[in-house]
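Student: Got a structure for you, questions after.
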């Protein structure tokens, strides 16, 4: 697990954003309302990266909100995937 974690940190430290055309797909952003490393404004800014549907969800907690919200988060992700599938079948 440690090599994977190191690779994640390296990717984060060396990544340079390049402005590109927005994607034509749904994007969902999830975060913790008390996260000190990612603000809700930064998460909400993902809406600029798509011309498709954008959904933004904040859960109580910090950066590791997922540890205390696994069940509701997974239910929400499942519901969003179902909506994406339904939308794609109508196209």
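The values are calculated or read from the model by the stated rules, or taken from the named source; none is laboratory data. Small disclaimer: the values here were computed from a predicted structure and weren't measured. As a convention, Cβ positions derive from the backbone with ideal geometry for all residues, glycine included, and neighbour counts pool all protein chains shown.
Student: If we keep just the residues of the stretch 61-73 that are touching a strand residue (DSSP E or B) at 6+ places or on another chain (Cβ under 7 Å) and outside any helix (DSSP H, G or I), which is surrounded by the fewest Cβ atoms within 10 Å (Cβ to Cβ)?
Tutor: 63
Student: Starting from the stretch 1-30, keep only residues that are touching a residue at least 40 places away in the same chain (Cβ under 8 Å), then list their pairs with residues that are not in a loop (DSSP other than H, G, I, E, B) whose Cβ atoms are within a distance under 6 Å, requiring at least 6 positions of separation or different chains.
Tutor: 26/84; 28/55; 28/80; 30/57
Student: Hey, can you tell me all the residues within the stretch 48-60 that are loosely packed, with under 15 Cβ neighbours inside 10 Å and part of a helix (DSSP H, G or I)?
Tutor: Once the filter is applied, which keeps residues that are loosely packed, with under 15 Cβ neighbours inside 10 Å and part of a helix (DSSP H, G or I), the stretch 48-60 yields only 48.
Matching residues to (1) more than 14 Å from the chain's Cα centre (by Cα); (2) part of a helix (DSSP H, G or I); (3) crowded, with 16+ Cβ neighbours inside 10 Å:
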site: 21; (1), (2), (3): yes, no, no
site: 31; (1), (2), (3): no, no, yes
site: 41; (1), (2), (3): no, yes, no
site: 45; (1), (2), (3): no, yes, no
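Student: Among (1) at pLDDT below 95; (2) more than 14 Å from the chain's Cα centre (by Cα); (3) outside any loop (DSSP other than H, G, I, E, B), where does residue 81 come up short?
Tutor: Result: residue 81 passes all but (2).
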